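Below is one structure, written out as structure tokens, with a few remarks after it.
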Amino acid sequence: MAVPVYVTRTKGFGCLSVVEFVCGFLGFLGIGWMVSGNILRGLLYLLGWWGLMFGLAALTFFTGGLGGVCWAPLQIIVPLASALQLSGEPA
């Protein structure tokens, strides 16, 4: 008796997570989400990231550079969190 074999294709979220982290680190957070097919979420992340970066740049300017203390950790933590969230998405 033949046993049916089911083959499912999964998206390569590991590679997309790397794309998301690198692009986010370079200022384009959300690109990995857009490539994975979640266009709206990717655009919201991208526009929100740009808004946050603009706000932190203004904060850095108006505080004489002290706002950069907030900017540096966020530049790594937010893209990393987004990449980890993307890697946990169901296929």
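Test of understanding: extend the Cα→C-beta vector of TRP50 to 7 Å, then name every residue of segment 14-31 with backbone N under 14 Å from that spot. Residues 27-31 fall inside that zone. Of the peptides 57-65, 44-52, the ranking by mean beta-carbon count within 10 Å, highest at the top, reads 44-52, 57-65. Working from the Cα coordinates of segment 9-66, the gyration tensor eigenvalues give, after taking √(5λ), semi-axes of 29, 12, 5 Å in decreasing order. Size check on segment 44-91: the Cα extents along the three principal axes, sorted descending, read 46, 19, 6 Å.
Computed from the coordinates by the stated procedures, all read-outs in this text should not be read as laboratory data. Since the structure is predicted, the reported quantities are computational estimates derived from the model, not experimental observations. Every residue, glycine among them, receives a Cβ derived from its backbone with ideal geometry; neighbour counts consider all protein chains shown.
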